[in-house]
Amino acid sequence: MILTVDVELGRIDPYVAPLVLGSHQVLSATSPSAVLKILGSQPVDLVLINDAIGLELLREIHAHGHQDLVTIVISDRPRMVVAREAMLLGAYAYITRPCDPQLLRAMLVDASVPCSPEEGG
């Protein structure tokens, strides 16, 4: 399962759709409490987090025992201070929008998160 987290539902979902296998379910959440509820009740392979709520959420995810969960923070603007903090808090990666689908797919493969093969290749 892939969990997308943003202040608005659906903003990250377009990045996920071309990547996931048919067997992957995609859920969205807009708050840390909703994320922790999902993580406590269902197996999640990947969390894609908008950086607007990402750093505090990363702290909470790790405080609740999910240190090995693959988390990628997506930002509208590159901010090195936020990127560094996200990585120190355990994010697998920090990327900016618009996201190159091939880059995101490569990150998922490197992190052992199942994703669909590239189209046309």
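Scanning the range 56-70 for residues that are open to solvent by less than 80 Å² (accessible area, probe 1.4 Å) and either of a type in the set (Gly, Ala, Ser) or at positive phi (or both) yields one hit, Gly65.
Quickly run through the range 32-70 and pick out the residues that are over 22 Å from Leu88 (Cβ atoms) and assigned to a helix (DSSP H, G or I). Give the derivation first.
Step one: list which residues in the range 32-70 are over 22 Å from Leu88 (Cβ atoms), which gives 33-34, 37-38, 40-43, 45.
Within the range 32-70, Ser33, Ala34, Lys37, Ile38, Gly40, Ser41 qualify.
For the range 71-88, filtering for residues that are exposed (fewer than 15 other Cβ atoms within 10 Å of the Cβ) and either part of a loop (DSSP other than H, G, I, E, B) or touching a Leu at 6+ places or on another chain (Cβ under 6 Å) (or both) leaves 4. When Leu108 is tested against (1) hydrophobic (A, V, I, L, M, F, W, C); (2) at pLDDT 80 or above; (3) in a helix (DSSP H, G or I), exactly one condition is not met: (2). Pro78 passes all but one of (1) at pLDDT below 85; (2) touching a Ser or Thr at 6+ places or on another chain (Cβ under 7 Å); (3) under 17 Å from Glu8 (Cβ atoms); which number fails? In the conditions (1) at pLDDT below 85; (2) touching a Ser or Thr at 6+ places or on another chain (Cβ under 7 Å); (3) under 17 Å from Glu8 (Cβ atoms), Pro78 misses (3) alone. The residue pairs whose first member lies in the range 34-55 and is open to solvent by 20 Å² or more (accessible area, probe 1.4 Å), whose second member is among the charged types (D, E, K, R), and whose beta carbons are closer than 7 Å, counting only pairs six or more residues apart or on different chains, are Leu36/Glu60; Leu55/Glu85.
The values are calculated or read from the model by the stated rules, or taken from the named source; none is laboratory data. Note that the coordinates shown come from a computational prediction; the quantities given were computed from them, not determined experimentally. Positions of Cβ are backbone-derived with ideal geometry, glycine not excepted, and every protein chain shown enters the neighbour counts. In case anyone asks, the SASA skips ligands and DNA or RNA and just uses the protein heavy atoms, side chains included. Shrake-Rupley method; radii C 1.70, N 1.55, O 1.52, S 1.80 Å.
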